[in-house]
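Notes to accompany the following structure.
The values are calculated or read from the model by the stated rules, or taken from the named source; none is laboratory data. Just so it is clear, the model here is predicted, and its values are computed rather than measured. Because the Cβ atoms are built from the backbone with ideal geometry, glycine has one as well, and the counts that use them run over all protein chains shown. Remember, those area values only see protein heavy atoms, side chains included, never the ligands or the DNA or RNA. Shrake-Rupley method; radii C 1.70, N 1.55, O 1.52, S 1.80 Å.
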2 protein chains.
Amino acid sequence: MYLRALIGLAEDGTTTCSSEELAASAGVNSAKLRKDLSYLGSYGTRGVGYDVEYLRYQIAREIGVTHDWPVVIVGIGNLGHALANYSGFRSRGFRVVALLDADPSRHDEVVAGLDVRSFEDLESIVTEHDVSIGVIATPAVASQSVADRMVAAGITSILNFAPSVLSVPDGVDVRKVDLSIELQILAYHEQRKSVATGTEGVS
Amino acid sequence: MYLRALIGLAEDGTTTCSSEELAASAGVNSAKLRKDLSYLGSYGTRGVGYDVEYLRYQIAREIGVTHDWPVVIVGIGNLGHALANYSGFRSRGFRVVALLDADPSRHDEVVAGLDVRSFEDLESIVTEHDVSIGVIATPAVASQSVADRMVAAGITSILNFAPSVLSVPDGVDVRKVDLSIELQILAYHEQRKSVATGTEGVS
DNA sequence: AGGAGTTTGTGAACGGGAGAACAAAACGGC
DNA sequence: GCCGTTTTGTTCTCCCGTTCACAAACTCCT
């Protein structure tokens, strides 16, 4: 988030910023920002602030976005389609090297300039491109078996868009994004709002 | 998450479950689950466990998924396209009532059975369908102005997929989903793994 | 050179979530 | 009807992230 805020500041032509400004851009408290940055090192100048370009490079180096990460996406339904085309991945240092789907009827499609290939090709693709990050955009029922195959093939980080809890061995990282859970959280607060104001009754 | 786990258990034909089982399905600790459920009330039976259907209804009622929530999606690019087609929304009680885009060249498209309409129609749609939840899938530069218009039109909950920090008045909830941040977090851990094992050097 | 004004970096206090542990309650067998 | 077993609901403790507050350090102006 700080890196993204710095990029935004750099695009606006800002060369130096205080922790207060950067915190506002990132939407956090300035003390938290200073403490977070202090874990990386002492990259600011007291009385002046942070050099935008310098700090940007230091953060990029620390979090590992200085080189491209190859990524495979499994499950080319609506969501996988969008992810394959999502420009944010490429601009943040991720390169989609393959799109896989278990459904043979999808194998003739070309999405985002890539052939949709058979899920059976997973191992060879992972080996060839030295892929360590996989994205699961399949239905929930398929997600665990896809994850197992990914782990067996050597993938050690998984981004899971399926609404399922994956079990993986130690040493493998999983992050889960559940789009409808986010909406449900908003709906919950909406409901509480209407209860509080008495606009709407809840049986 | 608990609701989803309960639905899964119900589909498997389970009628009763212990906190231990449900916690395992949801991927959390059983003490935490019991504590969370205790905030809703005392819906379990000691020595027996929870009735799946009963608990499911109670949670659904509490979080407000007993009735459908109308939703508008603004920005019908790749991501908006996928969101409009995403079946998880409908099955979780959300109904997409309109798709809006500022680009007139998109207005002839039909996505997921809905016309893509002009962003200018926002106010009338919100009023007509009593929409309180809006989804922003525009580029980052447009997101703040879209949010402002949404708030002015009466929307009080926003799900923001743009990589930007939105500022909104009190009483409006914003949740942010940033797809590439998730990948960056995985990449960070990957980098640390390779540093720790000495597989790869970091200058 | 020195003091006033800024801004970072960090020690201390605060708050809240997570897990362990246990009392209360329900069921089943005798 | 009573006791052992099981499982919930809740309290207590611990730990971690966040925030406050302040000393150290840097710049600018006189």
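Among the residues in the stretch A:29-36, are any more than 16 Å from DNA strand D (Cβ to nearest atom), open to solvent by 40 Å² or more (accessible area, probe 1.4 Å) and in a loop (DSSP other than H, G, I, E, B)?
At the first step, the residues of the stretch A:29-36 found to be more than 16 Å from DNA strand D (Cβ to nearest atom) are none.
Scanning the stretch A:29-36 turns up no residue that is more than 16 Å from DNA strand D (Cβ to nearest atom), open to solvent by 40 Å² or more (accessible area, probe 1.4 Å) and in a loop (DSSP other than H, G, I, E, B).
Within 13 Å of DNA strand D (Cβ to nearest atom), within 14 Å of chain B (Cβ to nearest Cβ), under 18 Å from residue A:88 (Cβ atoms) and open to solvent by 40 Å² or more (accessible area, probe 1.4 Å) - does that describe any residue in the stretch A:6-15?
no
Restricted to the stretch A:55-104, and to residues that are assigned to a strand (DSSP E or B) and out of contact with any Asp or Glu (no Cβ under 8 Å at 6 or more places or on another chain), which residue is surrounded by the most Cβ atoms within 10 Å (Cβ to Cβ)?
Step one: filter the stretch A:55-104 for residues assigned to a strand (DSSP E or B), giving A:69-74, A:94-101.
Then keep just the ones that are out of contact with any Asp or Glu (no Cβ under 8 Å at 6 or more places or on another chain); that gives A:71-73, A:96-97, A:101.
Numbers: A:71: 26, A:72: 24, A:73: 29, A:96: 20, A:97: 18, A:101: 22.
Per the criteria, the residue is A:73.
Within the stretch B:147-168, identify whether any single residue is within 21 Å of residue A:183 (Cβ to Cβ), modelled with pLDDT under 95 and in contact with a Gly (Cβ under 6 Å, 6 or more places away or on another chain), and answer yes or no.
Checked against the condition, which is being within 21 Å of residue A:183 (Cβ to Cβ), modelled with pLDDT under 95 and in contact with a Gly (Cβ under 6 Å, 6 or more places away or on another chain), the stretch B:147-168 yields at least one hit.
Just for the stretch A:125-173: of the residues that are over 23 Å from residue A:85 (Cα atoms) and either touching a residue at least 40 places away in the same chain (Cβ under 8 Å) or of a type in the set (S, T, N, Q) (or both), which one is most open to solvent (accessible area, probe 1.4 Å)? Give the derivation first.
Narrowing the stretch A:125-173 to residues over 23 Å from residue A:85 (Cα atoms): A:127, A:141, A:144-145, A:148-149, A:151-154, A:156, A:164-173.
Then keep just the ones that are either touching a residue at least 40 places away in the same chain (Cβ under 8 Å) or of a type in the set (S, T, N, Q) (or both); that gives A:127, A:144-145, A:156, A:164, A:167.
Working: A:127: 107, A:144: 53, A:145: 66, A:156: 40, A:164: 21, A:167: 80 Å².
Once the filter is applied, the top-ranked residue is A:127.
State all residues of the stretch B:69-97 that are within 7 Å of another protein chain (Cβ to nearest Cβ), under 12 Å from the mean Cα position of the chain (by Cα) and small (Gly, Ala, Ser); if no residue qualifies, say none.
Hit for the stretch B:69-97 is B:88, nothing else.
Under 6 Å between Cβ atoms, which residue pairs at least 6 apart in sequence (or on different chains) link something in the stretch A:26-44 that is under 20 Å from residue B:167 (Cα atoms) and more than 6 Å from DNA strand C (Cβ to nearest atom) with a partner that is open to solvent by 100 Å² or more (accessible area, probe 1.4 Å) and assigned to a helix (DSSP H, G or I)?
A:30/A:20
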